[in-house]
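Down below is the structure, laid out as structure tokens.
The values are calculated or read from the model by the stated rules, or taken from the named source; none is laboratory data. Given the structure is predicted, the values throughout are model-derived calculations rather than measurements. Cβ atoms come from the backbone with ideal geometry, glycine included; neighbour counts cover every protein chain shown. The accessibility values were calculated without ligands, DNA or RNA, using every heavy atom of the protein model including side chains. Shrake-Rupley method; radii C 1.70, N 1.55, O 1.52, S 1.80 Å.
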Amino acid sequence: MVTKFCFYISVFLIPAVLWGQRSQRITGRVADKETHTALVGVSVMVTDAGTATGGITDTNGVYRIDSVPVGKHNFAASYLGYTSYSVADIPVTSAKEVVLNIDMEEEAINMKEVVVSRRREHINDMALVSTKTFDVQETERYAGSRSDPARMASNFAGAQGGNDSRNDIVIRGNSPQGVLWRLEGIDIPNPNHFSIPGTTGGPVSMLNSKTLSNSDFFTGAFPAEYGNAVAGVFDLKLRNGNSNRHEFTAQLGFLGTEMAAEGPISRKAGSSYLVSYRYSTLQLFEGLHIKIGTASVPRYQDATFKLNFPMGKKGNLSFFGIGGTSSIDLIVSTLKAPSAELYGESDRDQYFTANTGFVGAEYTRNINASTYMQITIAQTGNEVTANHLKAFRDTLYQLTSLKPILGYDYITASTVAHWYVNKKISARQTLKFGVINNYYHLNLLDSSRQYPTSLVNWQRRSDYVGGTNLTEGYLQYKIRFANNVTVNGGLHSQYLSHNGSVSVEPRLGMRWAATDADIFTAGYGLHSQMQQLYQYFAHLPQNAATNMHNYNVGFTRSHHLVAAYERTLSKVMRMRLESYMQYLFDVPVEKRAGSSYSVLNQGSSFSRDFPGPLQNTGKGYNYGLELTLEKRMTNGYYYMLTGSLFDSKATGNDGVYRSTDFNTKYAVNLLAGYEHKLGTYSTFLAGAKVTFIGGKLYSPVDTAASSAYGDVVVYDSARNTLTLPAYFRADLKIGAKFNSRRVTHEIALDLVNVLNTKNVLSNAYSADLAAQGKDPFYYQYQLGFLPIFYYRVDFGIKPKK
């Protein structure tokens, strides 16, 4: 199948690429890493054998290298008094100019140059431990990642997915709720389509990899500027559009039909635009009356933009935004026989809509040669509505009635401001301090009569209009005692206005390059996180709306200690070992005597959680060991092995430590990729991934109580004492890229779960089976075989001379 696929694509596209010289311009800006001021006279070179060319930065720090042949190239930058910089495997195509911006670090002590690999660099200057910097190449290179940053991150040591149908990230045994999403310096709501309140994942990401710049992913002990998170942080950046020429992308794929454009607003001023738009391909097929095998068609669309305006040599103003809408109708009442629904429950019709957006402005100003400040102001919004109708059937599976059982409309908006100042005291010392303020506007309405199924009267659980404010402040200080020894420390504090919760959190990190090949890092952090907003303002059905039983619940808190060793095995291979210990305290648990409930077990499903009265007396811990062995792309192939061994436990009100829902004990990923040239300007692409994860935990079921209630009821004291079979999945990706003179074609097929392995997701209850006198409990399975294709065309318009 692979041979035929490549043959037909080659026959179709190769005639378009057999003429003209294929080369491209490389451009970018070189700046001081600490102050962001332009560096003049930096030498930037292409270092490939046989490709001796380069450029020098001008008074704005900008360099240009023309006529670089298509393919992958290595680059290096050198400047007197600064640590040399090198970067490998930058793809150059005939369609788009490559914009390669470089931040260089001043040497703490003048001595011999030390070449720093780009893969060890982090976007955040203060990041020393438990940080992975990823680029958009990785979101598209790794098999099974679906161009999704979250799914891509699940390949890293210490991170794993929680559910094939969602992109929630479980970091070191923590709930996905402990993850903070940040874009352009502001906290943002869940950036996924079909998002559920109280979760950080979803089936389809709103983030378009074509608009993202290199970004940081933190898995613990993160720097002091990050707060309101106990598990990890995605700190995302949007890239600027090309300020020299107009460039375009068109793509047709299973996950969306999309278009993107970028280019100069004013070449003289250096201003640029970047826009993208995506529309659900399945919805497009539905509109064309093309049958796709299901009536439950996911409808979604999203758009991203960034406008960038340099303001002389000392300032920059940009505007950015991302917005998306999604809806789906999961109809089971018309079925004549049972059918598995991946995204819904089998006993009800569901009508679901989720709309999310954020828009902001960012202004950066160099106060002097050693100091700059930045302020970002943004507005975010999220509205989720759902209506469920219970389908009652007889013993022959015939529909007897439909009963509305659930309805909610949650509107959450926030007005956000983030201001900070970065001061480079000397080549060895840097100080950064700032303030973040999030004011949340809330309109929460929820009514239910789901369980027991005989319930007649509606029970109101949320009826709140109002707001609350989270204020955060931070101070960070970094000192380099030598070029190979760096220490940073800081304080983070946060205050939640509606109940007065306060925290003051120390942070500390250290990095020691003992030799050119051996690096040791260590870090500590105290972290705090508020609870899900809708839970603060919920009330028990029998109480008045003003009697909100969890209004005064405090922050969940966590001590995190990390130590790591990294060894450079060769110019293209590295190994990293990292150990960690996390102790969580002040964890909300139910006040009910003997309860095993802990908020550390929630946040990875399509359901919300309405616990009874909570108190901050719970505890938990996570500890583990992680391994990464990675060979970067050279000689046409790469591979990466990541593995994690860990333990994750939490207490309820009974004080008993039990495994959390995410304690799968181990996770292993093996990824590999291969590229082979098809002639001079075309490339065959292939990638594979194999994942092994320990079995999910579940609890013994109380059959009599479940039948009476209409849903699974477990024995509380035996929570998570049973284990489902281990998880195994293999993914395969094949494709080809063709460069004509000014157009690049790329086509690929991502075969997710190529072996169609049946992985068990959970143990579920069916009232329909109970009505037929059958065993009402059954396994729900993870995603089966899913082929995902895309065809993309990139092209640019050469500016007039």
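Values as computed for the structure displayed
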read-out	value
Lys/Arg +1, Asp/Glu -1 at C-beta; the chain dipole; positive extreme among A564, Y597, M575	M575
Helix axis angle, 2-13 relative to the chain longest principal axis, alpha carbon, degrees	50 degrees
Within segment 448-526: Cβ-based charge dipole about Cα centre, in debye rounded to nearest 20 (Lys, Arg +1; Asp, Glu -1)	260 debye
Solvent-accessible ranking of L533, L183, L670, largest area first, probe 1.4 Å	L670, L533, L183
Candidate residues K800, K432, K423: accessible-area rank, largest first, probe 1.4 Å	K800, K423, K432
Distance from segment 556-632 to segment 199-235 (C-alpha centre basis), Å	16 Å
Globularity index of segment 639-725, i.e. its alpha-carbon radius of gyration over 2.2 N^0.38 Å	1.80
Spread of Cα-to-Cα distances over 10 Å intervals beginning at zero, given as percent, for segment 118-269	10, 39, 34, 14, 2, 0
Carbon + sulfur, % of accessible area of the chain - ligands and nucleic acids excluded, 1.4 Å	60 percent
Listed residues T680, F646, T546: farthest to the positive end of the dipole of the chain (Cβ charges)	T680
Heavy atoms of S605 accessible to a 1.4 Å probe, total area in Å² rounded to 10	50 Å²
The chain - share of DSSP beta bridges that are antiparallel (%, nearest 5)	95 percent
Which of L207, F217, Q251, positive extreme of dipole for segment 194-263 (C-beta unit charges)	Q251
Per-residue SASA entry for L625, accessible area with 1.4 Å probe, Å² rounded to 10	90 Å²
Residues of the chain: accessible area per residue with a 1.4 Å probe, Å²	39 Å²
Net dipole in debye of segment 149-190 [+1 Lys, Arg Cβ; -1 Asp, Glu Cβ; about Cα centre; nearest 20]	100 debye
Intensity falloff of the chain expressed as log10 I(q)/I(0), Debye formula with alpha-carbon point scatterers, at q = 0.08 Å⁻¹	-0.69
Cα-centre dipole for the chain with unit charges at Cβ (Lys and Arg positive, Asp and Glu negative), debye to 20	1780 debye
